[in-house]
1. How do the pairs read when you match residues in the range 38-59 that are touching a residue at least 40 places away in the same chain (Cβ under 8 Å) with residues anywhere that are among the polar types (S, T, N, Q) and in a helix (DSSP H, G or I), using Cβ under 9 Å and keeping only pairs 6 or more apart or on different chains?
2. Which condition from (1) closer than 24 Å to Ala47 by Cβ; (2) at pLDDT below 85; (3) part of a helix (DSSP H, G or I) is the one that Tyr99 breaks?
3. Which number in (1) loosely packed, with under 11 Cβ neighbours inside 10 Å; (2) modelled with pLDDT under 85 marks the one condition that Ala133 misses?
4. I'm told Tyr85 meets every condition in (1) modelled with pLDDT of 70 or more; (2) surrounded by 12 or more Cβ atoms within 10 Å (Cβ to Cβ) except one. Can you identify the failing condition by its number?
5. Step by step: first the residues of the range 102-122, then only those that are under 19 Å from Ile42 (Cα atoms) and not in a helix (DSSP H, G or I), then the one that is modelled with the highest pLDDT. Which residue is that?
6. Please enumerate the residues belonging to the range 74-88 that are part of a helix (DSSP H, G or I) and touching a helix residue (DSSP H, G or I) at 6+ places or on another chain (Cβ under 9 Å).
7. Here is a list of conditions, (1) modelled with pLDDT under 80; (2) under 26 Å from Met107 (Cβ atoms); (3) surrounded by 10 or more Cβ atoms within 10 Å (Cβ to Cβ), and Thr59 meets all of them except one; can you say which number that is?
8. Tell me, which residue of the range 40-54 that is touching a Leu at 6+ places or on another chain (Cβ under 9 Å) and surrounded by 15 or more Cβ atoms within 10 Å (Cβ to Cβ) is farthest from Met104 (Cα to Cα)?
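The values are calculated or read from the model by the stated rules, or taken from the named source; none is laboratory data. Note that this is a predicted model, so its numbers are computed, not measured. Backbone-built Cβ (ideal geometry, glycine too); neighbour counts: all protein chains shown.
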Amino acid sequence: MVLFLFYASIQPPHLPEDTVNTSLYMEIASWFDPIFFQYNLILLVFAVGIIPLITLCYTSSMREEKKRRLQRELPPAIYSANSNYIQNYLSKISSIRSYLGSMMSLMFVVMFGCMIILLLKPAPLALPDLAYARAFFF
C-alpha cells in the first residue's frame, strides 16, 4: 500500500476517464498531498534506518573498550594464556550479527509505529445533509 501511495504521489494517473477504476484510483491518489506523503516517507525511512546505524556505531566503538576492560580485570598471565580465545570471543560479541534479532525487532516496531503516526490519515467524513440537520436541531 505504501509503495502504491508513493507511486501515486510521484506520478499522477493517466487513465481514461470512462473506466470504473479511475475514480477509485483518483480517490486513493488524492488521499494524501504528494509533498506531505513524501516528507512523511522520508521521516519513516530515517527513523527506521537510524537503528542499524546506531548499532553499527556501538559495536565498532565498544570493541576496543571491551578488550581494554578485560585486560584490566584479568590477571596478565590468564589474559596472555587465553588471548586467542578472548580475541575470538570479542570478535563474536562485537559483530553486528549478535544484535541482529533485537535490531530487527526494534526496526519493525518503529516502522509500524511510524506508519500509524505518519502515514495513516483518517478518511474525511461526508458532510451531513443540511436539511436533516436543520430539521433535527431547529
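1. Listed pairs, sorted by first residue: Leu41/Ser9; Thr55/Ser102; Thr59/Ser98.
2. Only one criterion is unmet by Tyr99, namely (2).
3. Of everything listed in (1) loosely packed, with under 11 Cβ neighbours inside 10 Å; (2) modelled with pLDDT under 85, Ala133 misses just condition (1).
4. Failing condition for Tyr85: (2).
5. Leu120
6. So in the range 74-88, the residues part of a helix (DSSP H, G or I) come out as 76-81, 83-88.
Passing the criteria: Tyr79, Ile86, Gln87.
7. Failed condition: (1).
8. Looking at the filtered set, the residue picked out is Asn40.
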